[in-house]
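Beneath this line is the structure, given in structure tokens, with notes to follow.
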Amino acid sequence: MAVYTEVPDDEMAAFVARYGIGDLLAVKGIAEGVSNSNFLLHTTQGFFILTLYEERVSAADLPFFLGLMEHLAERGLICPLPVKAQDGLAVSRLAGRPAAIVTFLDGLSVRRPTAAHCAEVGRGLALLHKAGEGFGMIRPNDLSVAGWRPLAEQAGAGAETVSPGLAKRVMTEIAFHEANWPRNLPHGVIHADLFPNNVFFIKDRLSGLIDFYFACTDAFAYDLAICLNAWCFEADASFNLTKGQAILAGYESVRPLTSTEVEALPVLCRGSALRFLLTRLVDWLNVPPGALVKPLDPLEYDRKLAFHQRVGDAREYGLKR
């Protein structure tokens, strides 16, 4: 989440009035994240989240994202629900951008996750994958292998200003994945961005999953690889095996991995590290002037990628088989 677009008070109040969620009492911009503009709304009926979708999110994808949240919630997953305006539509326009309001979830994200948090995340991810079964829409993952070379080209020579040799390292890694990416793995709806700021807890218990705006149709094990990258590394770039064990055990308590998924996990972890290295790199080099957003360090994922390049077996992530 982030704030790229400021909205005048009178426009905000008029927009909220169309949703029948009470009178607007206060608005607060949410600075975390990098993709959309997000605001916490406080009305006489409670709290809600308003999202303005910026350039990275296509308006054509919004029915997928919002329909998915409804589908998952109907199947028991705790996630935000879209709020429909008085005209019956969930998507409108505000400040020249597509916009939607969703319900607010109780809980807090954690900055220093423990193994207990990781076990909950693994279980929650598997429940999401199960709940997504039967969802009738498909959205290809445009940030998978075919999208990595265009991102590297977008960063261009700017990569060298971030770290000498980064451009060459990235292109070498892209070529590896173009030749070796696993195919025909079990797949369906994935979150594709389940970082700690997108998971809420009440004490050690998971209380909700949010921010489905990278959700797509892809391999379940790739989603798990994203979580291993996001939750299991320490500040010094060391992999915490105990946290890895917890995520994997939590996941397999709901949905056991197939042998092909286990075999593919090291490459999937390596590829997911490259994906976030590339998107962070492009964001780092292209922060809009005046945006209320803090770009995330791409070199964090360069260090994680170096770790995965040395891994040869899923047991090195804590898989007990």
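Descriptive notes on the structure:
- Meets criteria (touching a Pro at 6+ places or on another chain (Cβ under 8 Å), farther than 18 Å from VAL199 by Cα, in contact (Cβ under 8 Å) with a residue 12 or more places away in the chain and exposed (fewer than 15 other Cβ atoms within 10 Å of the Cβ)) for ALA26: no
- A count restricted to the stretch 199-229 and to residues that are closer than 12 Å to LEU125 by Cα and assigned to a helix (DSSP H, G or I) stands at 9.
- Hey, ARG75 at pLDDT 95 or above, in the same structural domain as LYS243 (by TED's automatic domain parsing), of a type outside the set (Phe, Trp, Tyr) and surrounded by fewer than 21 Cβ atoms within 10 Å (Cβ to Cβ) or not: no
- In the stretch 64-76, the residues that are more than 14 Å from GLY188 (Cα to Cα) reach residues that are in a helix (DSSP H, G or I) with C-beta atoms within less than 6 angstrom, at least six apart or across chains, in these pairs: ARG75/ALA131.
- Evaluation of ARG169 against (1) assigned to a helix (DSSP H, G or I); (2) within 19 Å of HIS71 (Cα to Cα) (one fails), failing number: (2)
- Some residue of the stretch 97-113 being in a helix (DSSP H, G or I), touching a Pro at 6+ places or on another chain (Cβ under 8 Å) and modelled with pLDDT under 95: no
- Residue check, ARG75 among the basic types (Lys, Arg) and within 30 Å of ASP297 (Cβ to Cβ): no
- No other residue among ALA95, ALA116 is surrounded by fewer than 17 Cβ atoms within 10 Å (Cβ to Cβ) and on the phi > 0 side of the Ramachandran plot apart from ALA95.
- Any hit, the stretch 166-188, residues being modelled with pLDDT of 95 or more, under 23 Å from GLY208 (Cα atoms) and either assigned by TED's automatic domain parsing to the domain that holds ALA273 or surrounded by 13 or more Cβ atoms within 10 Å (Cβ to Cβ) (or both): yes
- Scanning the stretch 202-229 for residues that are surrounded by fewer than 22 Cβ atoms within 10 Å (Cβ to Cβ), out of contact with any Lys or Arg (no Cβ under 8 Å at 6 or more places or on another chain) and hydrophobic (A, V, I, L, M, F, W, C) yields a single hit, ILE202.
- Residue that is farthest from the chain's Cα centre (by Cα), among those in the stretch 10-46 that are farther than 20 Å from THR279 by Cα and at pLDDT below 90: GLY29
- Selection from the stretch 190-214 of residues that are touching a Leu at 6+ places or on another chain (Cβ under 6 Å) and either small (Gly, Ala, Ser) or without any contact (Cβ under 8 Å) to a residue 60 or more places away in the chain (or both): GLY208
- Meets criteria (charged (D, E, K, R), part of a helix (DSSP H, G or I) and crowded, with 22+ Cβ neighbours inside 10 Å) for ARG303: no
- Residues of the stretch 231-275 that turn out to be surrounded by fewer than 23 Cβ atoms within 10 Å (Cβ to Cβ) and modelled with pLDDT of 95 or more, as a count: 23
- ILE202 vs. criteria among the aliphatic types (A, V, I, L, M), over 9 Å from the mean Cα position of the chain (by Cα), over 22 Å from LEU257 (Cα atoms) and in the same structural domain as GLU263 (by TED's automatic domain parsing): yes
- The conditions of being assigned by TED's automatic domain parsing to the domain that holds LEU268, free of Cβ contacts under 8 Å to residues at least 40 places away in the same chain, assigned to a helix (DSSP H, G or I) and buried (at least 16 other Cβ atoms within 10 Å of the Cβ) are not met by ARG123.
- Qualifying residue in the stretch 127-145 (condition: outside any loop (DSSP other than H, G, I, E, B) and farther than 22 Å from HIS71 by Cα): yes
- Within the stretch 11-60, the set of residues being part of a loop (DSSP other than H, G, I, E, B) and either more than 30 Å from LEU143 (Cβ to Cβ) or of a type in the set (Asp, Glu) (or both) comprises ARG18, TYR19, GLY20, ILE21, GLY22, ASP23, GLU32, THR44, GLN45, GLU54, GLU55.
- Residues that are of a type in the set (D, E, K, R) and over 16 Å from the mean Cα position of the chain (by Cα), drawn from the stretch 116-163: GLU120, ARG123, LYS130, GLU133, ARG149, GLU153, GLU160
The values are calculated or read from the model by the stated rules, or taken from the named source; none is laboratory data. These numbers come from a predicted model, not from an experiment. Glycine gets a Cβ as well: all are built from the backbone with ideal geometry, and neighbour counts include every protein chain shown.
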